[in-house]
Structure formats: C-alpha cells, structure tokens
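A quick write-up on the structure given underneath.
The values are calculated or read from the model by the stated rules, or taken from the named source; none is laboratory data. If you're wondering where the values come from, they're calculated on a predicted model, not measured in any experiment. In this analysis, Cβ positions are derived from the backbone assuming ideal geometry, glycine residues included, and neighbour counts consider all displayed protein chains. Side chains are part of the model used for accessible areas, which takes the heavy atoms of the whole protein and leaves out ligands, DNA and RNA. Shrake-Rupley method; radii C 1.70, N 1.55, O 1.52, S 1.80 Å.
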Amino acid sequence: MAEQQSLDDIVSPLDAPQWKLATPSPGWTVADQIGHLAYFDANAALAIVDPDSFQDSMAMLLSGGDNRSGDDITLGPFRSMSPDELLAAWRSNRMALAAAGATLANDTRIAWYGPSM
C-alpha cells in the first residue's frame, strides 16, 4: 500500500499533457502505466474472490480469443478516461486488491498468468 501511495503521490499532481508523456515502455504513456496497474490490480482481486471468472478472463487475454490486442483488452477502457477518472479507477482497484488480499493466509497461492503467486 505504501508503494502504491508513493506512486500516487507522484502522478496525482500531473496535468493532462503530462499524463500523455512517453515512458520507457515502448508506445506507452504515463496514463497507460497507471491503466496497466488498474487492470491487473482488478484481475488480481478477481483471482482471489472469483477464481473461475479469473480463469475465463485469463484464457481470453492469453488466447486473443476476441481478436483484440493485449493492450486493447487491458488498456482500452482506461485509455478513454480522463486523468481524474483513471486515478479513481486505479485507487478503487488497488483497494479492492488490498481487501481481497487481506482475506488470505500468508502461504495461500493464487492462480496467475504464469505460475501461481
């Protein structure tokens, strides 16, 4: 939570043009980086609270089953948000992940896109 808050403290004062700045990830902006976190925080929470739905979501993403690119699937909804909307989505999703994670024992493993975590 502290690490996420540190990043929040960095990005929350950015103005709209700064959210569109390029990052070291080819083709990604600052907004894309936060959208990526928002998507995967939500899916990590889903993996905890609804493993079957997570498996369906993961299978669709990994197979490209709906003919969209991985970025379109994971970032598409976030790319249409304003910076304020994107921050709110990321904050909400990270809180959902924290709440879901708090229900787990320290040695619980959760299905993920590669090996379980």
Looking at Leu86, Leu37, Leu7, Leu75, which is the one that is touching a residue at least 60 places away in the same chain (Cβ under 8 Å) and within 28 Å of Ala102 (Cα to Cα)? Leu86
Pick from the stretch 82-92, criterion surrounded by fewer than 18 Cβ atoms within 10 Å (Cβ to Cβ) and farther than 17 Å from Ala44 by Cα, ranking: nearest to the chain's Cα centre (by Cα): Ala88
Of (1) open to solvent by 80 Å² or more (accessible area, probe 1.4 Å); (2) of a type in the set (A, V, I, L, M); (3) more than 15 Å from Ile34 (Cα to Cα); (4) modelled with pLDDT of 95 or more, Met95 satisfies all except one. Which? (3)
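Kindly indicate the residue of the stretch 1-34 that is assigned to a helix (DSSP H, G or I) and in contact with a strand residue (DSSP E or B) (Cβ under 9 Å, 6 or more places away or on another chain) and also least open to solvent (accessible area, probe 1.4 Å) among those meeting that condition. Before you say what the answer is, go through the steps one by one.
Going through the stretch 1-34, the residues assigned to a helix (DSSP H, G or I) turn out to be 2-11, 16-19, 30-34.
Applying the additional criterion that residues be in contact with a strand residue (DSSP E or B) (Cβ under 9 Å, 6 or more places away or on another chain) yields 19, 30.
Values: Trp19: 7, Val30: 28 Å².
Only one residue fits best here, namely Trp19.
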Looking at the structure I just gave you, is Gly64 in contact with a helix residue (DSSP H, G or I) (Cβ under 7 Å, 6 or more places away or on another chain) and surrounded by fewer than 16 Cβ atoms within 10 Å (Cβ to Cβ)? no
For the stretch 35-57, which positions are open to solvent by less than 30 Å² (accessible area, probe 1.4 Å) and either touching a Phe, Trp or Tyr at 6+ places or on another chain (Cβ under 6 Å) or among the basic types (Lys, Arg) (or both)? Gly35, Ala38, Ala47
Say we look at the stretch 62-73 and pick out the residues that are more than 23 Å from Met95 (Cβ to Cβ) and in a helix (DSSP H, G or I); which of these is farthest from the chain's Cα centre (by Cα)? Ser63
